[in-house]
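Undergrad: Before I ask anything, let me first share the structure, which is written out below as structure tokens.
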Amino acid sequence: MSVREPLFDRRVSARRSRWRVALATVMALVGLLGGIVAGSFWYASQDLPPLDSLQEYQPSVVTRVYSDDRQVIGQHYVERRILTPLVDIPQNLVNAVIAVEDARFFEHPGLDVIGIVRAFWTNLRRGGKVEGASTITQQLTRSLFLSPERTYGRKFKELILAYKMELVLSKEQILELYLNQIYFGQGAYGVASAAQTYFGKDLADLTLAESALLAGLPKSPNNYSPIKNLDRAKRRQEHVLTRMEEAGFITPEEREEAVAQPLVVRRAAPEQIAPHFVEHVRQHLMTAYGEEMVYKGGLEVFTTLNVEMQKAAEEAVRNGLRQLDKRQGWRGPLGQQDVTGLAEKAVATPPPPVHEGDVLQGVVTKVAKDHVVVQAGGTVGKLAFDDMAWGRRRLRGKDPNKDVTVLPNVKQLVKPGDVIEVGIKKADREGVQFRLEQTPIVEGGLIAIDPRTGAIRAMVGGYDFARSEYNRAVLAHRQPGSAFKPIIYAAAINEGLGPATLVVDAPVVYENEDPDKTWKPENYEKKFYGVISLREALTHSRNAATVRLLDKIGVRDVIDFARAVGIASPLSHDLSLALGSSSVTLQELTAAYGIFANQGMQLAPYAITTVQDSSGQVLEQKLFEPREAVSKETAYLITNMMEDVIQKGTGQLAKSIERPLAGKTGTTNDYTDAWFVGYTPNLVVGVWVGFDDVRTLGETESGAHAALPIWVDFMREVLPALPVLPFEIPDNIVFVKVDPSTGLLADQGGQGTVDIFAKGTEPTDSAPPRTDPMEFYKLDQVQAKEPAGATSPSP
């Protein structure tokens, strides 16, 4: 044995000892690191939310309000989301999201180690964070449970929750939750809401190109928004399509075809339909179901509103108020603007498309011989003097009777730099022609109801919901003036009087202890008409005759009748009630007229037919409960009398509609309120016009002049879609020829008019024979020829 052998053994032994130490150290470090990681994971998992309820999780969902033909007319939400099952989401969209967000989604357990290593290496090579490694499951946990802060603690929690979520839910359930939960920008949460927001489409109608664009948004909705930057969004879409091809979801040909398709993005929000009506519905929902359910519960609310009628109503009110506002006078320029360099800016800026009827704000740049040049944004056009002539009537205060001056020359109206409002009269190759416009200050309301059901078909609560959300069709209490008279005449008929019953239209004074309160009712024409029938008194809206009629039948009885037909507002217990001094709402008065249209049957106005929760369970459904408020005979008699209002009286403007119509105008003292309420058997419509601060509309702005034109415009638009129906005559209505001067039966063969009565109320006595004045003349002539001393024949 050599001396070198023990030395070699000692060296080997030393090396082995060092390796053991190194290995032990490494194992200790690994153990320590593992302990630290395990401890960190344990610490991070202590305050994590439980995932047991994920199976039943329901994200905040939008409540949708529908018209009668299932068009969406309103939405209420905290997050605008339309919950959609995975089976109803197009496969192209699902594949696009998976390809760009998490290509190994169906392979990893919630965290993708391969993806993490790949992202780390890519970011290291490129010197910054250019690729992320968050899986779809991680993104979902972040959205559902964690804050957006970027810390290692939050990342630990995210990984733990993602792993746990994969144990609780299937991949399909996670994907469905993700596609409904994630934010796509522009207030849209979930794929269905995003499809509506960016393309105005249902999910089923999306193309591959559109699906790819939507799939690219969740990473950075603001940066990739096609509304804010279409070029950047297009590049992102092409990236998504490339990833889809790499993942084998589409072929190269399909990718190229999708890339070539132009993207048509809906940039403007859809026009809001019936905002006052939708708010009316929302208030009911808030009372019935509470804020949480309305804004997060995904209610499906089906209403009575007819979209075409609503559009016609809004147009009629808008046009009617604009015309009234012009009659009151032009309030002058909105302001002043420096016109230096304005023409050059117009040349540099391409004009946006304009359409006839659009109303714009523009600047006067030149006053020519017979026209004014106006620049509205990038649009330059001419405003002819004839199209601004109405502005010669200058309104310099609030009172259109006192604060008006009339300029002798149209040319004096404006000067360069004046900011004015103009409407597009004509736009063609020859250029743009403007007309002078002005946004009305006056307000108005319209409500249309189907009297056979009570369904509200259209509702306009004011000129502009953005200007004022106050609903004047439902909430405003205003004096109805003569529009209340049919209630009084119907009450008289209900007590046995008839259209031919006579009443005196003559001066009358109602004394009061306070001389200042002595009342002398007058007619609109400032004259009186003597003994007239109730029919004539209502047809021509005779005030003095109506006051005498109310005095005859009693205020208490009229108030009771008003309550029976649905007038719930407080009513004056005095004779001023005859002239509509008590304020009522447009809805309640229109609904009362609807009872007359519906043969005395009352069905309360309603806006909602059905309310369902997000699972389709019915929470509320309208049940019809008709009630006989007045007899068929009373309803028909007052209707027949109001037909004469349109045929012969204050409502003659409506004669042009040429179908059975009944209605009544209403005007209050000093022309502060203008009304018209009228109906056919299948539609009752009320219109009110006035200022919110109760001031005069101007001389001659009566119900016939300010409200009736709106009613007529609306009815002309909507009635062609409804069948022509006559007012049905009840069996107990009789036709009798009466002497108009006495209200009694006319002599057989004598002069008279045929009128109608409820059976049992018709006159039974005949009028005394009339004496012809010519008989007295002839008798005088005979007596003059007789010799002196002769005697006259005895009677």
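The values are calculated or read from the model by the stated rules, or taken from the named source; none is laboratory data. In this text the structure is predicted, and so the values were computed from the model without any measurement. A quick note on method: Cβ atoms are made from the backbone with ideal geometry, for glycine too, and the neighbour counts reach across all protein chains shown. Side chains are part of the model used for accessible areas, which takes the heavy atoms of the whole protein and leaves out ligands, DNA and RNA. Shrake-Rupley method; radii C 1.70, N 1.55, O 1.52, S 1.80 Å.
Undergrad: Which numbered condition trips up R457, out of (1) among the charged types (D, E, K, R); (2) surrounded by 18 or more Cβ atoms within 10 Å (Cβ to Cβ); (3) in a loop (DSSP other than H, G, I, E, B)?
TA: The single condition R457 does not satisfy is (3).
Undergrad: Hey, another quick one. Checking V687 against (1) under 20 Å from L538 (Cα atoms); (2) surrounded by fewer than 24 Cβ atoms within 10 Å (Cβ to Cβ): exactly one of these is not met. Which one?
TA: (2)
Undergrad: Let me ask something additional. With respect to G462, is the statement that it is more than 29 Å from F757 (Cβ to Cβ), part of a loop (DSSP other than H, G, I, E, B), in contact (Cβ under 8 Å) with a residue 60 or more places away in the chain and open to solvent by less than 40 Å² (accessible area, probe 1.4 Å) true?
TA: Yes, satisfied.
Undergrad: Next up: Of everything in the range 209-261, what is open to solvent by 30 Å² or more (accessible area, probe 1.4 Å), more than 34 Å from the chain's Cα centre (by Cα) and not charged (D, E, K, R)? Give them in sequence order.
TA: H239, T242, A247, G248, F249, T251, P252, V259, A260, Q261
Undergrad: May I pose another question? Among the strands (runs of 3 or more DSSP E) confined wholly to the range 350-437, which include 2 or more residues that are open to solvent by less than 40 Å² (accessible area, probe 1.4 Å)?
TA: Once the strands (runs of 3 or more DSSP E) in the range 350-437 are filtered for at least 2 residues that are open to solvent by less than 40 Å² (accessible area, probe 1.4 Å), what remains is 359-367, 371-376, 379-384, 393-395, 418-428, 431-437.
Undergrad: When you scan the range 196-219, do you find a residue that is modelled with pLDDT under 95 and over 25 Å from V87 (Cβ atoms), even just one?
TA: Within the range 196-219, one or more residues are modelled with pLDDT under 95 and over 25 Å from V87 (Cβ atoms).
Undergrad: Which ones in the range 733-748 are open to solvent by less than 70 Å² (accessible area, probe 1.4 Å) and in a loop (DSSP other than H, G, I, E, B)?
TA: Selection gives D739, S741, T742, G743, L744, A746, D747.
Undergrad: I've got another one for you. Are any of the residues in the range 634-650 part of a loop (DSSP other than H, G, I, E, B) and open to solvent by less than 60 Å² (accessible area, probe 1.4 Å)?
TA: There is at least one residue in the range 634-650 that is part of a loop (DSSP other than H, G, I, E, B) and open to solvent by less than 60 Å² (accessible area, probe 1.4 Å).
Undergrad: Quick check on the range 489-503. Is at least one of its residues touching a helix residue (DSSP H, G or I) at 6+ places or on another chain (Cβ under 7 Å) and closer than 19 Å to L305 by Cβ?
TA: Checking the range 489-503: not a single residue is touching a helix residue (DSSP H, G or I) at 6+ places or on another chain (Cβ under 7 Å) and closer than 19 Å to L305 by Cβ.
Undergrad: A further question follows. Of all helices (runs of 4 or more DSSP H) completely enclosed by the range 479-593, which ones contain at least 2 residues that are among the polar types (S, T, N, Q)?
TA: Passing ranges, in order: 543-553.
Undergrad: Among the hydrophobic types (A, V, I, L, M, F, W, C), within 24 Å of Q261 (Cα to Cα) and modelled with pLDDT of 90 or more - does that describe any residue in the range 172-185?
TA: Yes, the range 172-185 contains a residue that is among the hydrophobic types (A, V, I, L, M, F, W, C), within 24 Å of Q261 (Cα to Cα) and modelled with pLDDT of 90 or more.
Undergrad: Kindly provide the set of residues from the range 313-336 that are open to solvent by 30 Å² or more (accessible area, probe 1.4 Å), more than 14 Å from P400 (Cβ to Cβ) and in contact with a Leu (Cβ under 7 Å, 6 or more places away or on another chain), ordered by number.
TA: Across the range 313-336, there are no qualifying residues.
Undergrad: Could I ask something else about it? For the range 135-145, check the following and say yes or no: at least one residue is part of a loop (DSSP other than H, G, I, E, B), within 45 Å of the chain's Cα centre (by Cα), at pLDDT 85 or above and surrounded by fewer than 19 Cβ atoms within 10 Å (Cβ to Cβ).
TA: No, that holds for no residue.
Undergrad: Name every residue in the range 289-303 that is in contact with a helix residue (DSSP H, G or I) (Cβ under 9 Å, 6 or more places away or on another chain) and either loosely packed, with under 15 Cβ neighbours inside 10 Å or not in a helix (DSSP H, G or I) (or both), in order of residue number.
TA: G297, L299, V301, T303
Undergrad: Would you mention how many residues in the range 84-112 are open to solvent by 70 Å² or more (accessible area, probe 1.4 Å) and either touching a strand residue (DSSP E or B) at 6+ places or on another chain (Cβ under 9 Å) or among the charged types (D, E, K, R) (or both)?
TA: Summing the residues that are open to solvent by 70 Å² or more (accessible area, probe 1.4 Å) and either touching a strand residue (DSSP E or B) at 6+ places or on another chain (Cβ under 9 Å) or among the charged types (D, E, K, R) (or both) in the range 84-112 gives 2.
Undergrad: Sticking with this one: Looking at this structure, is I608 open to solvent by 10 Å² or more (accessible area, probe 1.4 Å) and in contact with a strand residue (DSSP E or B) (Cβ under 6 Å, 6 or more places away or on another chain)?
TA: Yes, satisfied.
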